[in-house]
Amino acid sequence: MFPIRDHNPSGRTPYVTYALMVANIVIFLSYVTLLSDNRATFDFYNAWALVPARLSDGGGYGGLVTSMFLHGGWLHLAGNMLFLWIFGDNIEDDMGHLRYLLFYLACGVAAGLGQVVAEPNSVVPMVGASGAIAGVMGGYLLLYPRAKVDILIIFIVFFRIFPIPAWIMLAVWFAMQFFGGIAADTGTGGVAYWAHAGGFVAGLVLTVPFWLRRGGVDFWSRTDGHPPHPAATYPAIESRIPKVRRK
């Protein structure tokens, strides 16, 4: 079960979102051949990823930025770019191109710091744009809590797309990160749950000024939590499952 699109069209071309996607893809392609060599992969990530223990010792600050443009594999990259494509354009539309870029980078740095606070002695390199994208999702929750997000549910040979309010999808996602962080073994690698949670909270907080500028609670009252423009519509898509007639 994962989101594939929202019903919230943006009013202008999201150049920064597209540029971020291109940057992440191009950078990944520049080192993807190293991933087949464990030693080369370790050396590369050790040089460019965020290592919490190194930051705790007063070094490696550059990793707070460089790590958010690195990924551990094709699925890691694809998942992050999908979420950025779904949620990024609307936040860029609201904030403007430059402020959105600064917002994105600030959320990524906050996400990295969140992981360092949670695991200050970890020597496991952290990579991925998901902390910054989590901040975009936090901002989306505040501005468009009832925007429709299409969720693709796949069960063996059956699949169907369900539209649900953004706040449900984002609240469930955040809960998964929070409880995943509590249950995670800090001594091993895996999902950087606290980076996700930290980036989400940072994005939510940093979006408050834009939300207040629109009227805050009054903005929610006027729009009922929906985007202040007509929603996008898509043709219905359902799986075709053969039916067997009963005699």
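The values are calculated or read from the model by the stated rules, or taken from the named source; none is laboratory data. In this text the structure is predicted, and so the values were computed from the model without any measurement. Every residue, glycine as well, gets a Cβ built from its backbone with ideal geometry; the counts of neighbours run over all protein chains shown. Accessible surface areas use protein heavy atoms only, side chains included; no ligands, DNA or RNA. Shrake-Rupley method; radii C 1.70, N 1.55, O 1.52, S 1.80 Å.
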> Given Arg245, Arg222, Arg214, which one is at pLDDT below 85 and open to solvent by 60 Å² or more (accessible area, probe 1.4 Å)?
Replying inline: Arg245
> In segment 121-160, which residues are open to solvent by 30 Å² or more (accessible area, probe 1.4 Å), part of a strand (DSSP E or B) and of a type in the set (Val, Ile, Thr)?
Replying inline: Ile153, Ile154
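For Ala118, state whether it is in contact (Cβ under 8 Å) with a residue 12 or more places away in the chain and open to solvent by less than 10 Å² (accessible area, probe 1.4 Å). Walk me through how you get there before you give the answer.
Details: in contact (Cβ under 8 Å) with a residue 12 or more places away in the chain: yes; open to solvent by less than 10 Å² (accessible area, probe 1.4 Å): no.
Criteria not met by Ala118.
If we only count helices (runs of 4 or more DSSP H) wholly inside segment 7-89, which ones have 3 or more residues that are open to solvent by less than 50 Å² (accessible area, probe 1.4 Å) and not small (Gly, Ala, Ser)?
On the way: elements: 15-31, 38-48, 52-56, 63-66.
Those helices (runs of 4 or more DSSP H) span 15-31, 38-48.
Hey, among Ala202, Ala171, Ala232, which residue is modelled with pLDDT under 95, on the phi < 0 side of the Ramachandran plot and either open to solvent by 30 Å² or more (accessible area, probe 1.4 Å) or touching a helix residue (DSSP H, G or I) at 6+ places or on another chain (Cβ under 8 Å) (or both)? Even if it seems obvious, please write down each step before you answer.
Details: Ala202 fails: modelled with pLDDT under 95; Ala232 fails: either open to solvent by 30 Å² or more (accessible area, probe 1.4 Å) or touching a helix residue (DSSP H, G or I) at 6+ places or on another chain (Cβ under 8 Å) (or both).
One residue alone meets the criteria, Ala171.
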>> Quick check on segment 99-108: of everything there that is free of Cβ contacts under 8 Å to residues at least 60 places away in the same chain and among the aliphatic types (A, V, I, L, M), which residue is least open to solvent (accessible area, probe 1.4 Å)?
In response: Leu105
> Out of curiosity, is Phe159 aromatic (Phe, Trp, Tyr) and under 19 Å from Ala78 (Cβ atoms)?
Replying inline: yes
